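Working notes for the structure below.
The values are calculated or read from the model by the stated rules, or taken from the named source; none is laboratory data. Just so it is clear, the structure is predicted and the values come from calculations on it, not from any experiment. Note that we place each Cβ from the backbone using ideal geometry, even for glycine, and neighbour counts take in every protein chain shown. Heavy atoms of the whole protein, side chains included, go into the accessibility calculation; ligands, DNA and RNA do not. Shrake-Rupley method; radii C 1.70, N 1.55, O 1.52, S 1.80 Å.
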Amino acid sequence: MSSSFENNHIPLHKSGHVEMKNYDKGVSMKQRGTDQVESWKEDSCNESRNISSLFSSISSGEIYKMRRMIALSGNSSCYTQYLPSFVNYTLNRIKHVHNHLNLHIPKSGGTSICSLATEKSEKYTNFTIATTNGCWEGEHFLPLWCNPRFVPGGDRSEWLDYNNEAVPPDSKTAALCHVMDRKLPMFVMNENYLDHPLCTRHRIYSIALRDPLDRHNEERLQLIRNNYIVWALSSGTTKHGERLSILPQREHLEIAKETLLQLDYMLDVTTTSSSCHDDILYLMGLASGDSEKLPHEMKGWGKDSNNLALSRKEYEELNLLDIELYEYAQRVMRVDCEFFSLVRGEQMKE
C-alpha cells in the first residue's frame, strides 16, 4: 500500500472504511467543520449521513473533536455505530503522520516524555528531536523564563507574517504550516503558547496535564500562575504582539477546551491508569524498552517553597480557569483511555 501526502490524502486503510482526502490545511476555531460536528451530533448519528464523505471534508482535529463529543454525550448507539471508522482513521493517521509537537506544561511530566523521545532518537537515526535541553526548540519555542528579552511583539517574528490581515486565511495557514515543517525536527516540545491554526496535516499534537493546584508552590510559580494552561492553549488565536501579555478570560477557556478536543493525545500521569499511559505512549511511538510508565518528580512543593508567598487558596483563586479546564480534560481523558486501548489492540493485529 502506497503512502504519500503528495496527492493531499492518506490512502485507504486495508478495511476500506475511511478515506482522508483534503487531509488538513490547518485547524481554526471557526472553520466549517465546527458547525458540521455540532449538527452531526445533534441529529443522533443519522444513518443516512455518509461518514467517509464527512471525514474527507474536515480536519483531523475536527474528527477527534467529533469522536470525543459523541463519547461524552452518552449516546452509546451513535458511538458504537461509528467507532470502527474512528478507529480506522486513527490507525491511518498513526501510520502516516510522524512529526510530533508536544505542548509542554511545566511540572506535568514533560521531562519524562522528552527522555523517551531522546531514547528513540538514539535508537533510530531518522527520528530527529530538538537538540536544546528539554527537547524544546530554542529559536521558536523558547520557554518564557529562559529569555528575559521576550517582549510583546517580539515573539516568533522570524516566522512568516502569517498574521497579516491582508493575507487570505488559507494562505496564512499554509505559510505557518510550511515554516513549521521546514524548521522543526520530527519531535519537538513547545514550552510557550500554541500556534493556531493547528498544523495537523503532518504533525501529531499532544499534551501532558496535571492538577494545577498540585504545583501551587513550585519554584516557577511566578510564570505558571494566572491560568497558564488556558493561556498556552488559546493565546495563539489572539492578535500577534499581544500573546505573551494576555490575561486569559472565560472566552479563552472555551478556546482552550476546543483546542484540547482536537489534540491527538492527552496524558495525566497523576490520575490516569498505567495501562492507559502504556497504550498512549505505544501509539505515540514513545514506548520505552524498559518501562512505558512516566516516572517524574512532580511534587507540589518546590525547593524554594518556604520563600513563596501564595497559599494554596490564593493560588486557586488565580487559576480558576485552569482548574475548570483540567476538570473538563479529565472527562475527555476517561473516554480516550477506552478508545486508545481499542486502537492499540487493532494495531497489534496488523
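Among the residues here, residue 121 does not qualify as at pLDDT 85 or above and in contact with a His (Cβ under 9 Å, 6 or more places away or on another chain). Against the test of being touching a His at 6+ places or on another chain (Cβ under 8 Å), closer than 23 Å to residue 197 by Cα and modelled with pLDDT of 90 or more, the options 88, 102, 92 yield a single qualifying residue, 92.
Residue 275 falls short on exactly one of the conditions (1) buried (at least 16 other Cβ atoms within 10 Å of the Cβ); (2) modelled with pLDDT under 95; (3) part of a helix (DSSP H, G or I), and that condition is (1).
Every residue, every condition in (1) buried (at least 17 other Cβ atoms within 10 Å of the Cβ); (2) on the phi > 0 side of the Ramachandran plot; (3) modelled with pLDDT of 85 or more; (4) assigned to a loop (DSSP other than H, G, I, E, B), yes or no:
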{"residue": "201", "(1), (2), (3), (4)": "yes, no, no, yes"}
{"residue": "207", "(1), (2), (3), (4)": "yes, no, yes, no"}
{"residue": "213", "(1), (2), (3), (4)": "no, no, no, no"}
{"residue": "222", "(1), (2), (3), (4)": "no, no, no, no"}
{"residue": "230", "(1), (2), (3), (4)": "yes, no, yes, no"}
{"residue": "247", "(1), (2), (3), (4)": "no, no, yes, yes"}
{"residue": "252", "(1), (2), (3), (4)": "yes, no, yes, no"}
{"residue": "280", "(1), (2), (3), (4)": "yes, no, yes, no"}
{"residue": "283", "(1), (2), (3), (4)": "yes, no, yes, no"}
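Look at (1) open to solvent by 60 Å² or more (accessible area, probe 1.4 Å); (2) touching a Lys or Arg at 6+ places or on another chain (Cβ under 8 Å) and you find that residue 122 fails only one, number (2).
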